[in-house]
Each structure stands twice: as C-alpha cells, then as structure tokens.
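Before any comments, here is the structure.
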Amino acid sequence: MIVRIVCRGEAAFRTRKDRSPRVNVVVLGNAGSWYVADLERAARDRGDRCERWEFTRLATEVATGSESIRHEASALEGVDSVIVRTMPPGSLEQVVFRMNLLARAERLGATVINSARAIECAVDKHLTTARLQEGGLPVPETFVCETADDALAALERLGGDVVVKPLFGAEGRGIVRVSDPDLGLRVFRAIERTGGVLYLQRFVPHEGYDVRVLVLDGEVLGGMTRRSASDFRTNVARDARAEPHEPTDVERDFSLRAAAATGARFAGIDLLYDRDGRLYVIEVNGVPGWRAFGRVSGMDVAARLLDAVARDRAEW
C-alpha cells in the first residue's frame, strides 16, 4: 500500500472554510502510548482523523516524476501533519533514513511536528547546548569528549562535581552524578568502551526543583515546577512531584529563545535556578510530554496541538 502525502497545491481536503478545519493526522508513536491515545481522543472530539504509524514500518518509493511514502498499516490520501512522538533506537543508517523520511514528508506537503532538523538538534544534547550558548542563553559549563582520560581531566576543571548524561536520552534515564575521581574513571571508561560520547556538565546546586515550560508556535502555553525530595533529577518519570507554575517574564523569554534556537515548534524547556537565584537553560525537549503538565494546568494540550495543525492547513 502506498501512502501519498499530497503537495500543497492540490485540492484534496481543502473545501472547509471554518476556523477549525477537519484535519488528517498521522502520529509516529509506540503502541500503547498515552500520548498517542490522547491525540486520538482529541481528534475524535474535533472530528479529525488520527492514525498511529510505526516508524520502523515506513518505506519510500522514488521514480521519475513521482515520490511516495509507504506504510504497511495504512494508505492515506492527503495527510495534513505528521506528529512525532517517538524516535526508536537504531543504527546510524536507520536514524539517518528516518530523518530523511521526515524531511521528505515536509517536502511532499505535510507539516511535521517537530521537523527533522529540529529533532536532530533537540535530541543531541551537545548541539542543543551549543545552540543555546550561541543564542546568548545561560547554560551550565559543559565538556564533551570521547575518551575517559579527557573526561577525567575535565572533571577537575568543572569543579569536581559533574552530571554525566547520555548524548541522546530523555526522562532522566542514564544520568549519573560524579564527584569522586575513582568512580568517575570507572563510569567514563564504561562509556568509552561502549562507543559512547562523554557529556559532562558542571553540577548546579539547586533547591530540589526545576521549571518546565511548554512552548507551541512561539507561544508559551504554561509552566510547571517539578520537585524531588530524594533525587537531584527532577523528572516526573522519576517520581518528582509536578506543581502548577506561572512562568515569569524571564522564564518566558528564555523558553521562547531556546525553542527558536533549536527550530522546534513544540518544545518543553527545562530551566533550573541555582541557590543564588541564577537561572540556567538545561535542556530543550523536541518530543515533549504533557501528561503531568495537563494534569496540573487543566489544559488540553493535544487539542492545542491539533489546532496548530488546523491553522497550518487553513493557511494553504
């Protein structure tokens, strides 16, 4: 079966003139994902069409004068948007192919949230940190290398207390705090042996909470604090407690600039205050969760996301 994503000049699905036109959405997500189910629920409420696709079942066919994107489970005419909710692990070839498919889907007329270029930036902590610094935003001092010896030397330069993070990762998985050189050497060598990249960030002493701000299309949707009583990591996935939070003007400014630095339309920005009140931008999540945010804010984020898709199509 062939999935054809129509070009923007075609007439398919372009007849509705109301302010919230019916849209046809594909979600690249895992089976059983709460976020896929929430988008499907919002689509039903709006009268939109929403279908889940598997990243690994995508294929493409290119011939003289034509190009198509395939999926085993579906054949859709006139996909308005592809919403990315997962990026499965894979080889370098597989990841490059998937990014190319997202870029081709955009070329063929579908909006992709977030774009391939934005996801490539946001999933790479080094590139994100460099872009944030380039945009004049405050970031913790960071050192990235490939050898355990270089990392061990950097540990001392970074004050002897660092957070070691996987270059690609989310929800606090794989993050360790290292303040002992002997332990650090074992951690660094283990990462080196597995072919990983060593990403070390100076530990920022804080009061046990951070701020997550959700941004969509240059607008701050809102914020929440995430507080942990027992872990320096404040991810809700690691049992931190989410609380409602109205972002300050500075937090809004930093968040909008951080999203722009990565090119992400839809992003979760992680901000952290040190004990002296200095604010740092820690991370930009290009596939942000909203389950905890929706619970504490009462906002229907899935509906807001589909509204953005509808606005895109109305502008065609």
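The values are calculated or read from the model by the stated rules, or taken from the named source; none is laboratory data. Small disclaimer: the values here were computed from a predicted structure and weren't measured. We place every Cβ from the backbone using ideal geometry, glycine too, and count neighbours over all the protein chains shown.
From the set of residues in region 232-252 that are of a type in the set (A, V, I, L, M) and not in a strand (DSSP E or B), which is modelled with the highest pLDDT? So the residue we want is Val250. If you check Ser81 against the conditions, is it modelled with pLDDT of 90 or more and either within 23 Å of Val23 (Cβ to Cβ) or among the β-branched types (Val, Ile, Thr) (or both)? So Ser81 fits the description; yes.
Being over 18 Å from the mean Cα position of the chain (by Cα) and modelled with pLDDT of 90 or more holds for only one residue in Gly32, Gly9, and it is Gly32. Screening region 180-231 for strands (runs of 3 or more DSSP E) wholly inside it with 3 or more residues that are assigned by TED's automatic domain parsing to the domain that holds Ile83, closer than 30 Å to Arg265 by Cβ and not aliphatic (A, V, I, L, M) returns no ranges. Here region 209-219 is the region considered, the condition is being under 17 Å from the mean Cα position of the chain (by Cα) and surrounded by 18 or more Cβ atoms within 10 Å (Cβ to Cβ), and the residue that is nearest to Arg311 (Cα to Cα) is Leu216.
Selection of region 117-153 for residues being surrounded by fewer than 18 Cβ atoms within 10 Å (Cβ to Cβ) and of a type in the set (Gly, Ala, Ser) yields Ala130, Gly135, Gly136, Ala153.
Among the residues of region 55-92, those identified as among the aliphatic types (A, V, I, L, M) and more than 21 Å from the chain's Cα centre (by Cα) are Ala59, Val62, Ala63, Ile69, Ala73, Ala75, Leu76, Val79. Checked across region 119-135, the condition of being in a loop (DSSP other than H, G, I, E, B), touching a helix residue (DSSP H, G or I) at 6+ places or on another chain (Cβ under 7 Å), over 30 Å from Gly29 (Cα atoms) and at pLDDT 95 or above holds for at least one residue.
Summed over region 81-118, residues that are in a helix (DSSP H, G or I) and not aliphatic (A, V, I, L, M) total 9. If you go through region 92-114 and keep only what is of a type in the set (Asp, Glu) and farther than 26 Å from Arg304 by Cβ, you end up with just Glu93. Do we have any residue at all in region 272-284 that's hydrophobic (A, V, I, L, M, F, W, C), assigned to a helix (DSSP H, G or I) and farther than 15 Å from Thr128 by Cβ? Within region 272-284 (the criterion being hydrophobic (A, V, I, L, M, F, W, C), assigned to a helix (DSSP H, G or I) and farther than 15 Å from Thr128 by Cβ), the answer is no, since none of the residues qualifies. Going by the conditions given, is Val95 closer than 23 Å to Ala264 by Cα and either among the aliphatic types (A, V, I, L, M) or over 19 Å from the mean Cα position of the chain (by Cα) (or both)? Taking the combined requirement at face value, the residue satisfies it. The set of residues in region 173-211 that are within 16 Å of Gly289 (Cα to Cα) and touching a Ser or Thr at 6+ places or on another chain (Cβ under 8 Å) comprises Asp210, Val211.
Quick one: in region 176-208, which of the residues that are more than 19 Å from Thr147 (Cβ to Cβ) and among the basic types (Lys, Arg) is surrounded by the fewest Cβ atoms within 10 Å (Cβ to Cβ)? Per the criteria, the residue is Arg177. Residues that are more than 19 Å from Arg157 (Cβ to Cβ) and without any contact (Cβ under 8 Å) to a residue 12 or more places away in the chain within region 182-226 comprise Arg186, Ala190, Arg193, Thr194, Gly195, Glu219, listed in sequence order.
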